[in-house]
Each structure stands twice: as structure tokens, then as C-alpha cells.
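Comments concern the structure below.
The values are calculated or read from the model by the stated rules, or taken from the named source; none is laboratory data. Here the structure is a predicted model, which is why all the values come from computation and not from measurement. Every residue, glycine among them, receives a Cβ derived from its backbone with ideal geometry; neighbour counts consider all protein chains shown.
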Amino acid sequence: IFPRCPGAPSIFTLLLLLLMHVLSSALAKRHVVYWNSTNPRLTSDDYSVQVNLNDYLDILCPHYPPGQPPAGPPETLALYLVAESQFQGCQETKGAVKRWECNKPHDPLGPVRFSEKIQRFTPFSLGFEFLPGRHYYYSCDMYNICKYIYIYICKISSITINGKKLRQSEKC
């Protein structure tokens with residue numbers, strides 16, 4: 001039906017790539033982190049999450065239900081993202097990118113959720129590109145207590161199908 005151009009991929013190859021893309025999107029995991037002062041894991045040195053490319057990291061901001069007054073002032077924070085090689089704790093770290101501000105603790109719709117898609121390339125100007133095999137930190141300073149989470153992006157392996165080398169995320 002379609003004329004074959006030399007060097008052009010076959011319809012089978014294109015369909016296979018499309019199928020792999022759909023499957024990888026369907027298999028993406030969502031990793032949820034409740035970011036507030038009552039989460040003790042944020043102050044320990046061992047809170048780490050291993051993610052694959054195309055997974056999501058969901059951060060839920062501090063929230064207070066309507067009619068329930070907080071014990072102290074409502075928690076608000078700014079969350080920063082930085083590569084492991086630049087992480088110097090929660091103080092102003094050179095190269096840190098301000099990702100989100102949790103500044104609506106009384107939102108009537110519930111906790112504000114920020115979602116980060118872990119991807120190698122992003123079409124968005126405010127998106128972040130993650131490199132496989134690298135480590136990153138999300139951090140903030142709440143009431144002079146450093147809270148952070150360590151993220152490891154799993155490496156990519158390549159597979160060969162019909163003599164064509166394809167890339168596939170490696171499960172950690």
C-alpha cells in the first residue's frame with residue numbers, strides 16, 4: 001500500500017516502538033511522598049526512592065482539614081531539586097532548582113499535589129531532565145530542620161529486536 005523508501009523504518013518497527021511506548025507508560029509507577037513535619041523519614045539519612053524513567057514522583061504538601069485548627073502555625077515550604085554532586089544540605093545550595101512551593105495548607109480541595117515525571121527529555125521549559133544512573137535530592141528547610149529525600153534513577157539497558165537496538169528501562 002505504501003511505497004518503501006530506502007532507509008525508512010518498516011511499519012512493523014514503528015508499530016513495535018509504539019507498542020513499547022504504550023506499555024512503558026502503562027507500567028509507570030507513582031511514588032507518593034507526604035511532605036510535612038510529621039513524616040519522620042524525611043529527616044533520616046536513609047529515605048531513598050528508586051525510580052525508573054517514566055515513573056512519577058508525587059509530593060503531597062502539608063494540609064489542614066477545614067474546621068480543624070493546627071497546633072502551631074501552618075506549615076509552608078519551598079522544595080528544591082539538586083543533583084547529588086551539588087547537594088550541601090538544606091541551605092542555599094548552588095545549582096539547586098526551586099521546584100515547588102507548598103503555600104496553601106488550608107486548600108479546600110485537599111492537599112496540593114505536585115507530580116514530577118521522571119524522564120530523560122522534557123518538552124516543557126520548566127521540566128527537569130533526569131539522567132539514568134544518577135542521584136538527585138529534593139530538599140527543604142522546615143523550622144531549621146533539614147528534610148530531604150534521595151532519588152536514584154535506574155540505569156537504562158539496551159535490547160536488540162530484529163537486528164535493531166532498542167532502549168528499555170532496567171528495573172532496579
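Can you tell me which residues in segment 116-134 are surrounded by 12 or more Cβ atoms within 10 Å (Cβ to Cβ), at pLDDT 90 or above and of a type outside the set (D, E, K, R)?
Those that are surrounded by 12 or more Cβ atoms within 10 Å (Cβ to Cβ), at pLDDT 90 or above and of a type outside the set (D, E, K, R): ILE118, GLN119, PHE130, LEU131, PRO132.
Working only within segment 35-68, note down all residues that are of a type in the set (Gly, Ala, Ser) and touching a residue at least 60 places away in the same chain (Cβ under 8 Å).
Step one: list which residues in segment 35-68 are of a type in the set (Gly, Ala, Ser), which gives 37, 44, 48, 67.
Passing the criteria: SER37, SER48.
Before we move on, is GLY95 of a type in the set (Gly, Ala, Ser) and under 18 Å from the mean Cα position of the chain (by Cα)?
Spelling it out, GLY95 is indeed of a type in the set (Gly, Ala, Ser) and under 18 Å from the mean Cα position of the chain (by Cα).
Here is a list of conditions, (1) at pLDDT 80 or above; (2) outside any loop (DSSP other than H, G, I, E, B); (3) small (Gly, Ala, Ser), and ALA28 meets all of them except one; can you say which number that is?
Among (1) at pLDDT 80 or above; (2) outside any loop (DSSP other than H, G, I, E, B); (3) small (Gly, Ala, Ser), ALA28 violates only (2).
All but one of (1) out of contact with any Ser or Thr (no Cβ under 9 Å at 6 or more places or on another chain); (2) assigned to a loop (DSSP other than H, G, I, E, B); (3) at pLDDT below 75 hold for ASN36, so report the exception by its number.
Of everything listed in (1) out of contact with any Ser or Thr (no Cβ under 9 Å at 6 or more places or on another chain); (2) assigned to a loop (DSSP other than H, G, I, E, B); (3) at pLDDT below 75, ASN36 misses just condition (3).
Among (1) among the hydroxyl-bearing types (Ser, Thr, Tyr); (2) modelled with pLDDT under 90; (3) surrounded by 12 or more Cβ atoms within 10 Å (Cβ to Cβ), where does TYR56 come up short?
Single failed check for TYR56: (2).
So which residues in segment 150-172 are in a strand (DSSP E or B) and at pLDDT below 65, if there are any at all? Can you show your working first?
Just the residues of segment 150-172 that are in a strand (DSSP E or B), to begin with: 150-153, 156-161, 164-169.
Listed by number, the residues that qualify are SER157, SER158, ILE159, THR160, LYS165, LEU166, ARG167, GLN168, SER169.
Quick one: which residue in TYR64, TYR56 is aromatic (Phe, Trp, Tyr) and within 14 Å of the chain's Cα centre (by Cα)?
Working: TYR64 fails: within 14 Å of the chain's Cα centre (by Cα).
Selected residue: TYR56, the only one of TYR64, TYR56 that is aromatic (Phe, Trp, Tyr) and within 14 Å of the chain's Cα centre (by Cα).
When the residues of segment 100-136 are filtered to those that are hydroxyl-bearing (Ser, Thr, Tyr) and farther than 30 Å from GLY67 by Cα, which remaining residue is farthest from the chain's Cα centre (by Cα)?
The extreme case among them is SER125.
Can you confirm whether segment 63-72 contains a residue that is modelled with pLDDT of 85 or more and in contact with a strand residue (DSSP E or B) (Cβ under 7 Å, 6 or more places away or on another chain)?
no
So LYS147 fits all but one of (1) farther than 24 Å from ASP45 by Cβ; (2) modelled with pLDDT of 80 or more; what number is the exception?
(1)
How many residues does segment 76-89 contain that are more than 21 Å from LYS29 (Cα to Cα), touching a residue at least 12 places away in the same chain (Cβ under 8 Å) and surrounded by 12 or more Cβ atoms within 10 Å (Cβ to Cβ)?
Final tally of qualifying residues: 9.
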